[in-house]
Amino acid sequence: MSAELDAIAQKMVADGKGILAADESSSTIKKRFDAIGVESTEDNRRDYRELLFRSTEAMKEYISGVILFDETIRQKAKDGTPLVQLITDAGSIPGIKVDAGAKPQPFCPGETITEGLDGLGGRLKEYYDLGARFAKWRAVIDIDTAAAVPSYTSIRANAHALARYAALCQEAKIVPIVEPEVLMDGSHDIDTCYRVTEWVLKTVFEELYYQRIRLEGMVLKPNMIVPGKKSPKQASVEEVAEKTVRVLKSCVPSVVPGIAFLSGGQSDEEATAHLDAMVKLGGLPWKLTYSYGRALQAAPQKAWSGKAENVAAAQAAFTHRARMNSLAALGQWTSSEEKKAA
Ligand code: 13P
């Protein structure tokens, strides 16, 4: 069983490949569709995701796995082919978001605890039968230093839930993506993001140890070390890269096969530039790659705008973004490649 898990985890972070996070919940995909003037119907969600999964070059060359939402893993393409099959036919791995979302945490004003552990073992069995070979659970940690957020209570509870989830996944032969996201909302500076992320990651790996997780059979999905969006002092690409790599080196054991970042609200190009700069630093014990949602999908969503005649343009925009991130994961991204037309 452990060899199977390790092999999947390694495939998820194969050289020059990364993960497409297409697991927006019903409320999040509605927000994305509202922004491009598209109604969030089951058919529109299917059409949009089908166009991504039918982007042959992107899926074959640059996307190792796709994180799906419950609805999508059960959906069929217009011609009746299961969407999961489009993904596996391209040689990519289907994955599934299994958390039930971040809910207000009792006695922790302004903080959340991610729910979804009850019955998870049974759901994972079903998802395995539907084709999922990895899963995702996202813990959300906000920063508000004036309100003493985050608290020990919330970090500990979220890390414990992540570890319980990871154990259930590995028992079901599913690789857990462990995602503790420190948000970049707010006005905190980059060093505050560093301190909070370090605290969170130390706690997460402690809990993973206590839950007997096989670190070789998991993928970490962290935030990068960046200042809050409203911080008056923004950071250079080099500073983000240096601080992110430093915190990871001090917290993430080297047997973890790979680290696949979330984009968290960074612009497309920032997310690519930051990844590229980290890989260029070299000498890292794990693979670094992308597990982007917005930074891979903003461009194709805009190009598509819900119109069938725009499908080819949307696929070209997605393929371009995926190729840029693939180059970044290899430390080979350049601004001249970036400017080549999508
Ligand atoms: P973003 O890259 O848009 O942050 O999404 C990644 C993700 O899966 C968040 O859970």
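The values are calculated or read from the model by the stated rules, or taken from the named source; none is laboratory data. These numbers come from a predicted model, not from an experiment. Virtual Cβ from ideal backbone geometry, glycine too; neighbours counted across all protein chains shown. When the accessible area is computed, the model is the full protein with side chains, heavy atoms only, and any ligands, DNA or RNA have been set aside. Shrake-Rupley method; radii C 1.70, N 1.55, O 1.52, S 1.80 Å.
The numbered conditions (1) assigned to a helix (DSSP H, G or I); (2) more than 16 Å from the ligand (Cβ to nearest atom); (3) open to solvent by 40 Å² or more (accessible area, probe 1.4 Å); (4) not charged (D, E, K, R) are all true for LEU86 except (3).
From the residues in segment 202-222 that are open to solvent by less than 10 Å² (accessible area, probe 1.4 Å) and not in a helix (DSSP H, G or I), which one is nearest to the ligand (Cβ to nearest atom)? Looking at residues that are open to solvent by less than 10 Å² (accessible area, probe 1.4 Å) and not in a helix (DSSP H, G or I), I get LYS221. Report yes if MET1 is under 24 Å from VAL175 (Cα atoms), at pLDDT below 95 and of a type outside the set (D, E, K, R), otherwise no. When the stated conditions are applied, MET1 passes them. For the structure I just gave you, tell me whether SER336 is open to solvent by 40 Å² or more (accessible area, probe 1.4 Å), away from the ligand (no atom under 15 Å from the Cβ) and modelled with pLDDT under 95. The answer is yes for SER336.
Within the set ALA58, ALA35, ALA100, the sole residue that is touching a residue at least 40 places away in the same chain (Cβ under 8 Å), open to solvent by 30 Å² or more (accessible area, probe 1.4 Å) and hydrophobic (A, V, I, L, M, F, W, C) turns out to be ALA35. The single condition from (1) open to solvent by 30 Å² or more (accessible area, probe 1.4 Å); (2) basic (Lys, Arg); (3) modelled with pLDDT of 95 or more that ARG321 fails is (1).
State all residues of segment 250-276 that are away from the ligand (no atom under 12 Å from the Cβ), open to solvent by 20 Å² or more (accessible area, probe 1.4 Å) and within 13 Å of ARG321 (Cα to Cα); if no residue qualifies, say none. The one that is away from the ligand (no atom under 12 Å from the Cβ), open to solvent by 20 Å² or more (accessible area, probe 1.4 Å) and within 13 Å of ARG321 (Cα to Cα): GLU269.
Here is a check on your reading of the model: is ALA7 within 16 Å of the ligand (Cβ to nearest atom), among the hydrophobic types (A, V, I, L, M, F, W, C) and either over 19 Å from the mean Cα position of the chain (by Cα) or more than 21 Å from THR319 (Cα to Cα) (or both)? Here the answer is no, as ALA7 does not meet what is asked. Of the listed requirements (1) within 22 Å of LEU288 (Cα to Cα); (2) touching an Asp or Glu at 6+ places or on another chain (Cβ under 9 Å); (3) surrounded by fewer than 19 Cβ atoms within 10 Å (Cβ to Cβ), ASP185 misses just one: (1). Scanning segment 285-299 for residues that are part of a loop (DSSP other than H, G, I, E, B), surrounded by 15 or more Cβ atoms within 10 Å (Cβ to Cβ) and more than 9 Å from the ligand (Cβ to nearest atom) yields one hit, TRP286. Taking every residue in segment 204-231 that is under 23 Å from LYS97 (Cβ atoms) and free of Cβ contacts under 8 Å to residues at least 24 places away in the same chain and pairing it with any residue that is surrounded by 18 or more Cβ atoms within 10 Å (Cβ to Cβ) and not β-branched (Val, Ile, Thr), at least 6 positions away or on another chain, yields no pair with a Cβ-Cβ distance below 6 Å. Scanning segment 300-315 for residues that are open to solvent by less than 30 Å² (accessible area, probe 1.4 Å) and either within 25 Å of ILE8 (Cβ to Cβ) or touching a Leu at 6+ places or on another chain (Cβ under 8 Å) (or both) yields PRO300, TRP304, ALA314. Of the helices (runs of 4 or more DSSP H) contained entirely in segment 5-80, those carrying at least 3 residues that are under 14 Å from GLY306 (Cβ atoms) fall at 26-35, 42-53. Scanning segment 116-141 for residues being touching a helix residue (DSSP H, G or I) at 6+ places or on another chain (Cβ under 8 Å) and either closer than 18 Å to ILE19 by Cβ or away from the ligand (no atom under 13 Å from the Cβ) (or both) gives a total of 14.
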